[in-house]
Amino acid sequence: MSESPEPGATTGVARPPLQLPTYVWEPTTDFLAARYGLPRESIVRFDVNTSPLAPDLRDVLVGAFDPPLCEYPPSDYAPLVAAAADAYGVATDEILPTAGADEALDLTARAYLREGLVGVGAVPTYAMYRIVTEQRGASFVSVPRLSRDEGFALDLPVLAEAARTAQLIWLCEPNNPTGSAEPPARIAELLSMLATGAADDGREAPIVVVDEAYAEFVGRSVLPLRSFYPRLVVIRTLSKAHALAGARVGFAIARAETLGPILAYRAPASVGTVSAALATAALRRPELAAANVARVASERWRLAQALEGLGWSPYPSQANFVLFRFGDPAVAAATAEALLRVGLVPRTFGADHPLADCLRLTVRSVEENDRLISAAREMSA
Ligand SMILES: Cc1ncc(COP(=O)(O)O)c(C=O)c1O
């Protein structure tokens, strides 16, 4: 769905005018159903990169919670932290549970950015990096990724140069919304360039945040790189491969000395007991996420092939969504509107966005993807 310039225009939720940059929330399913005169159940969200089916964790929900729901969760979230440490292969003092990856991004910005400082992002990328940077009063410097034909790869020399006057670099691996992923060796190369540049200038190396919200889909992580680049912060989430977006659980993962300042900004219990229990169980049952990842891999291929056969141009994706190019923003907008009329919600990009001629579509269930393919077929008939 498109980013609206009017707060509340697409969600139906009135929000006070703010001076700060804010995230424009996706329109709610109820709002879209009313707007397009469709039954609520017929709306399918292809715009938010979630999964079509939650994992079966009913046993967790019907069991007793410890501590019970009348108490606060333990502030150290020990069982959740232990499960995450095992799942991600790090020490328990390197894990900070947060209310989704978004809270981890916000806390990292709070810890390491303020007025007069600079954050750098490789664009196009996830909108929150700019938002949390500017909310701190810091400046956001955009470094364009290489061209579409070059796979939206990171422009390492330009990033390294921009980093000379920055305190924090935001990276997204695989990248939302392009679906592209950088080989870990290139991230390692960038970190070396940053460390060398900082040593040459006699300043501290910048914090590098690698948002790995979609890492399970590509099956690798840059976490091992924290041993030679201590100022690396990796962000993970249960919202994507684990199919628990509604639980709101994520993590900031970093060496203890880098995590400390981030931890200082967390509210005492931002992750609820029910969410922590669900996330702990999901991390202890990796076969659930693995099945989701396998489903995405086969459906991603099938969806991209089918739509390519109808003249849509997919970019290669390593995540649970595919970016399609239409070559003309007007064609992308008309396609989005035609999809919305039948209850299929794509992610669109504003007219001034570098991907204005594209739509991003989440890989959903076989049946839901079939609805999308049929709608596209009807449009091309
Ligand atoms: C790159 C990226 N990071 C973070 C998030 C937010 O994740 P969470 O639901 O864990 O807050 C998203 C959600 O789409 C995302 O695409």
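If the requirement is being under 19 Å from the mean Cα position of the chain (by Cα), within 16 Å of the ligand (Cβ to nearest atom) and in a helix (DSSP H, G or I), which of these qualifies: Glu134, Glu103?
Details: Glu134 fails: within 16 Å of the ligand (Cβ to nearest atom).
Step by step, each of Glu134, Glu103 is checked, and only Glu103 is under 19 Å from the mean Cα position of the chain (by Cα), within 16 Å of the ligand (Cβ to nearest atom) and in a helix (DSSP H, G or I).
Say whether the condition of being more than 26 Å from Arg220 (Cα to Cα) and surrounded by 17 or more Cβ atoms within 10 Å (Cβ to Cβ) is met by at least one residue in region 287-295.
Taking region 287-295 as the starting set, the residues that turn out to be more than 26 Å from Arg220 (Cα to Cα) are none.
No, every residue in region 287-295 fails to be more than 26 Å from Arg220 (Cα to Cα) and surrounded by 17 or more Cβ atoms within 10 Å (Cβ to Cβ).
Assigned to a loop (DSSP other than H, G, I, E, B), within 16 Å of the ligand (Cβ to nearest atom) and within 28 Å of Pro316 (Cα to Cα), is that true of Leu171? Full working, then the answer.
On the way: assigned to a loop (DSSP other than H, G, I, E, B): no; within 16 Å of the ligand (Cβ to nearest atom): yes; within 28 Å of Pro316 (Cα to Cα): yes.
When the stated conditions are applied, Leu171 does not pass them.
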Going residue by residue through region 205-219, is there one that turns out to be surrounded by fewer than 22 Cβ atoms within 10 Å (Cβ to Cβ) and of a type in the set (D, E, K, R)?
no
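Just checking, which of Glu257, Glu204, Glu182, Glu189 is of a type in the set (Asp, Glu), farther than 30 Å from Val60 by Cβ, touching an Asp or Glu at 6+ places or on another chain (Cβ under 7 Å) and without any contact (Cβ under 8 Å) to a residue 40 or more places away in the chain? Let's see the steps before the verdict.
Values: Glu257 fails: touching an Asp or Glu at 6+ places or on another chain (Cβ under 7 Å); Glu204 fails: touching an Asp or Glu at 6+ places or on another chain (Cβ under 7 Å); Glu189 fails: touching an Asp or Glu at 6+ places or on another chain (Cβ under 7 Å).
Of Glu257, Glu204, Glu182, Glu189, the one residue that is of a type in the set (Asp, Glu), farther than 30 Å from Val60 by Cβ, touching an Asp or Glu at 6+ places or on another chain (Cβ under 7 Å) and without any contact (Cβ under 8 Å) to a residue 40 or more places away in the chain is Glu182.
Residue by residue, here is whether (1) away from the ligand (no atom under 15 Å from the Cβ); (2) at pLDDT 95 or above; (3) among the hydrophobic types (A, V, I, L, M, F, W, C) holds:
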site: Glu204; (1), (2), (3): yes, yes, no
site: Asp211; (1), (2), (3): no, yes, no
site: Leu238; (1), (2), (3): no, yes, yes
site: Ala252; (1), (2), (3): no, yes, yes
site: Arg255; (1), (2), (3): yes, yes, no
site: Gly260; (1), (2), (3): yes, yes, no
site: Val274; (1), (2), (3): yes, yes, yes
site: Thr280; (1), (2), (3): yes, yes, no
site: Leu283; (1), (2), (3): no, yes, yes
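Residue by residue, here is whether (1) modelled with pLDDT of 95 or more; (2) away from the ligand (no atom under 16 Å from the Cβ); (3) of a type in the set (A, V, I, L, M); (4) assigned to a helix (DSSP H, G or I) holds:
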residue	(1), (2), (3), (4)
Asp47	yes, no, no, no
Ala64	no, yes, yes, no
Leu96	yes, no, yes, no
Gly121	yes, no, no, no
Looking only at region 43-81, count how many residues are surrounded by 14 or more Cβ atoms within 10 Å (Cβ to Cβ), of a type outside the set (Val, Ile, Thr) and either touching a strand residue (DSSP E or B) at 6+ places or on another chain (Cβ under 9 Å) or without any contact (Cβ under 8 Å) to a residue 60 or more places away in the chain (or both).
9
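Please go through region 344-365 and pick out each residue that is part of a loop (DSSP other than H, G, I, E, B) and crowded, with 24+ Cβ neighbours inside 10 Å.
First pass over region 344-365, keeping only residues part of a loop (DSSP other than H, G, I, E, B): 346, 348-357, 363-365.
Scanning region 344-365 gives Thr348, Val363, Arg364.
Taking region 229-255, which residues are surrounded by fewer than 17 Cβ atoms within 10 Å (Cβ to Cβ) and over 20 Å from Gln167 (Cβ atoms)?
Of everything in region 229-255, just one residue is surrounded by fewer than 17 Cβ atoms within 10 Å (Cβ to Cβ) and over 20 Å from Gln167 (Cβ atoms), namely Gly246.
Taking Ala334 as the residue in question, decide whether it is modelled with pLDDT of 95 or more, assigned to a helix (DSSP H, G or I) and within 19 Å of the chain's Cα centre (by Cα). Break it down stepwise before answering.
Numbers: modelled with pLDDT of 95 or more: yes; assigned to a helix (DSSP H, G or I): yes; within 19 Å of the chain's Cα centre (by Cα): no.
Spelling it out, it is not the case that Ala334 is modelled with pLDDT of 95 or more, assigned to a helix (DSSP H, G or I) and within 19 Å of the chain's Cα centre (by Cα).
Before we move on, is Ile253 within 26 Å of Asp76 (Cβ to Cβ), part of a strand (DSSP E or B) and under 22 Å from the mean Cα position of the chain (by Cα)? Step through it out loud before you land on a result.
On the way: within 26 Å of Asp76 (Cβ to Cβ): yes; part of a strand (DSSP E or B): yes; under 22 Å from the mean Cα position of the chain (by Cα): yes.
Yes; evaluated as a whole, the condition is true for this residue.
With respect to Gly179, is the statement that it is part of a loop (DSSP other than H, G, I, E, B), surrounded by fewer than 20 Cβ atoms within 10 Å (Cβ to Cβ) and at positive phi true?
Values: part of a loop (DSSP other than H, G, I, E, B): yes; surrounded by fewer than 20 Cβ atoms within 10 Å (Cβ to Cβ): no; at positive phi: yes.
Considered against the rule, which asks whether it is part of a loop (DSSP other than H, G, I, E, B), surrounded by fewer than 20 Cβ atoms within 10 Å (Cβ to Cβ) and at positive phi, Gly179 comes out as no.
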So Ala267 ticks every box in (1) surrounded by fewer than 24 Cβ atoms within 10 Å (Cβ to Cβ); (2) in contact (Cβ under 8 Å) with a residue 24 or more places away in the chain but one. Which box is left unticked?
(2)
Residues of region 182-202 being away from the ligand (no atom under 15 Å from the Cβ) and open to solvent by less than 30 Å² (accessible area, probe 1.4 Å), in sequence order, are Ile187, Ala188, Leu190, Leu191, Leu194, Gly197, Ala198
Search region 24-42 for residues being closer than 16 Å to Thr348 by Cβ, open to solvent by 50 Å² or more (accessible area, probe 1.4 Å) and assigned to a loop (DSSP other than H, G, I, E, B), and hand back the single one that is modelled with the highest pLDDT.
Glu26
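The values are calculated or read from the model by the stated rules, or taken from the named source; none is laboratory data. Predicted, not measured: the structure shown is a model, and the values here were computed from it. Note that each Cβ is placed from the backbone with ideal geometry, even for glycine, and that neighbours are counted across all protein chains shown. When the accessible area is computed, the model is the full protein with side chains, heavy atoms only, and any ligands, DNA or RNA have been set aside. Shrake-Rupley method; radii C 1.70, N 1.55, O 1.52, S 1.80 Å.
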